[in-house]
Amino acid sequence: MPEGSILIDLLTVDTIERRRLADQLEQRVIQLRGEDRNADSQSDLDRLQRACSWLAKAYRVGDVTDLEARFIFSWIALNSMCGVGQQCLKCLEKETPLLLSNQIGRRKSDLTDLDWFLWRVSDLDAERRIVQVLRKNRQGVDQILHDQFLQKAYWDMEHDEKVRSLRKSDYEGAARALAGGDSYKCLYPLFVYRLRILRNLIFHGSSTDRHSKRRERDEAKFETATIVLEKSGGAFLAVMDEAGASAKWPRVVGPRFESPQRGRSESCKFSRHCGSGLKREKGAR
């Protein structure tokens, strides 16, 4: 771990002041900006730098009741960690076919960067820090999984019985996984089937800032979702920070001008199936 690591503070965020944690995250950003990058290390260092900056912004929100701002900045931090370009994602999909069916139980036609990231960060977490965070926030996790308004089936206006059945299945599967120490099988329904629905409602303007019906009905549920996202994101960041460049993250999305990965044409290092996963598409600008 690099000197001044934020690992311990992220995992004990409930016991320290938010502003102090924001200061530490911003200091880590400064450290990361000063580290030399090559085409391999950039994938790890850029993800960490971007994610730390946005999570710091989430903790820097002056009004802690501004849950929308905290949620949005925390989700951007998550995007900074999990983002994978479409070409690399196609390679990763060939390497991890079980993520589409056997490990989760519901068939998905395409692998998303969030699907893959949750699996990857869980696999890297040898110390089971993510499980620790989920168990510590078990009441909040259960509340999110039981929330019908965070189900796609509800918004698709499916029959109530189907909505209840899916909700029950998601909860029971996540509970078994958490009891057995399998963070991925708990994270998947929590993030893909629940928190991502809340993200879509907010990001796509399907909710009113601070005055939505959902907040009028139960303010505590939105606060719970925000806290679980913040703390889980901190755990992901801590695991990535500890793993370092040896984890071999895929190429970052939107590499900076004159950075090692900008405009490079090279073979994809993340799949034996692809000989040109990182090459720029013909005609791309």
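The values are calculated or read from the model by the stated rules, or taken from the named source; none is laboratory data. Small disclaimer: the values here were computed from a predicted structure and weren't measured. Because the Cβ atoms are built from the backbone with ideal geometry, glycine has one as well, and the counts that use them run over all protein chains shown.
A quick yes/no check of all residues on (1) small (Gly, Ala, Ser); (2) closer than 18 Å to residue 119 by Cα; (3) more than 17 Å from the chain's Cα centre (by Cα):
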site	(1), (2), (3)
176	no, yes, yes
181	yes, yes, yes
189	no, yes, no
196	no, yes, no
211	no, no, yes
227	no, no, no
234	yes, yes, no
239	no, yes, no
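How many residues does the stretch 119-176 hold that are among the aliphatic types (A, V, I, L, M), surrounded by fewer than 21 Cβ atoms within 10 Å (Cβ to Cβ) and more than 30 Å from residue 244 (Cβ to Cβ)?
Residues that pass the stated criteria total 5.
Taking only the stretch 74-93 into account, find how many residues are surrounded by fewer than 21 Cβ atoms within 10 Å (Cβ to Cβ) and over 18 Å from residue 255 (Cβ atoms).
Qualifying residue count for the region: 2.
Going through 265, 212 one at a time, which residue ends up being touching a Lys or Arg at 6+ places or on another chain (Cβ under 7 Å), modelled with pLDDT under 90 and of a type outside the set (A, V, I, L, M)?
265
Could you grab me the full set of residues in the stretch 174-188 that are farther than 17 Å from residue 75 by Cβ, in a helix (DSSP H, G or I) and not small (Gly, Ala, Ser)?
Scanning the stretch 174-188 gives 176, 178, 184, 185, 186.
For the subset of the stretch 30-48 comprising residues that are in contact with a helix residue (DSSP H, G or I) (Cβ under 8 Å, 6 or more places away or on another chain) and surrounded by fewer than 18 Cβ atoms within 10 Å (Cβ to Cβ), which member is farthest from residue 191 (Cα to Cα)?
Selected residue: 35.
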